[in-house]
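The values are calculated or read from the model by the stated rules, or taken from the named source; none is laboratory data. All of these numbers come straight from a predicted model, not from anything done at the bench. Cβ sites come from the backbone with ideal geometry, for glycine too, and all protein chains shown count toward neighbours.
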Amino acid sequence: MRWSLRSLRNLNHRRVWIVGHRPDWVHKVHHLFVRQDESKYRNSTKNVIAACQHPDISDPFLLFNDDFFVLQPIEEVPILHNGPVGGAPRSSFGMSTYQQGRIDTRRLLQQWGYQRPLSYELHIPLEIHKEPMLDVLARAEKANIACLHKRTLYGNVAGLGGEYADDVKALRPADTFRPGDLFVSTNPATWQHGRAGEDLRRLFPDPSPYEVDDPEGATMDPHDVVVVAQRTKATVRLADGRTIQRIYSKGQKVTVAEAERFNISVHPDKKKPQPKTPAEEPAPPADPLTCPDCGFVAKTENGLQSHRRSKHGGD
């Protein structure tokens, strides 16, 4: 989630809501608590319902998972699908709960009259309108599908359409994103031990305004954010030696550290304020009755003059 939040600097947004569990290191977000006491699939459906029912969450809103990452600056999320929902995979090991959920969701949509439903399970953000999503989830409740593919259910009933795209999920250790990709998603294994996770950590090294601290414990000051003055291209080197071009758009907010690292031009009035250096205190005025040559202290001005004439040959 930490790096998913960091990637939001590539997406224009107003507020961030976390529904369900909120880690301790997260701040400056809105939190809607939902008890996570069922399977991860049923918990995620409960979270979506709670978000759709909450009056303070915008309508529409963008639905993210905590392992979705926005790789390039974009103004809005495109509507994409993965083609017709596939059938059962041929495997001697049987189907996983997720795969069975795909089959059950397709069957349900066909019962509702959508004979060739499209899959919207691309592991990318999806814009959700509250009332249509609540309607389809209420209709699907009787089917009791263990892993309901709610994005697919919603996308077909709402008639989203869209363009075809490949699923961006990195499933194998060698999988990673390509230059120009807009999104990527990981699973626990590919995040911790795969190329995708390593490349993402390298791509988003700087804390976001939504972190109390970074992994090393350095505090992130929300004022350490500057505004890009002009469109800038930066070259980022990934763990395997490949390089990708990252584009910073005019008006985009970045951290001071990131601006310095990639030599990004920022608005002068938005630069990080420099700490004020304390002015040197002026030297205390010399004592008028102290000899500047030897430090002798006289009781009167006449005494000081007599001392200087006799000891130093002067006034």
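Keeping to the stretch 207-237, report how many residues are outside any loop (DSSP other than H, G, I, E, B) and modelled with pLDDT under 65. Adding up the residues that qualify gives 2. Out of the stretch 119-148, which residues are of a type in the set (Gly, Ala, Ser) and closer than 15 Å to residue 163 by Cβ? If the condition is that a residue be of a type in the set (Gly, Ala, Ser) and closer than 15 Å to residue 163 by Cβ, then 119 is the only one that fits.
Restricting to strands (runs of 3 or more DSSP E) lying wholly in the stretch 14-125: which have 2 or more residues that are buried (at least 19 other Cβ atoms within 10 Å of the Cβ) and in contact (Cβ under 8 Å) with a residue 60 or more places away in the chain? Fully inside the stretch 14-125 and qualifying: 61-63, 68-70.
For residue 170, the stated conditions hold: it is under 23 Å from residue 79 (Cβ atoms), aliphatic (A, V, I, L, M), in contact with a helix residue (DSSP H, G or I) (Cβ under 8 Å, 6 or more places away or on another chain) and at pLDDT 95 or above.
Scanning the stretch 179-200 for residues that are assigned to a strand (DSSP E or B) and in contact with a Gly (Cβ under 8 Å, 6 or more places away or on another chain) yields a single hit, 186.
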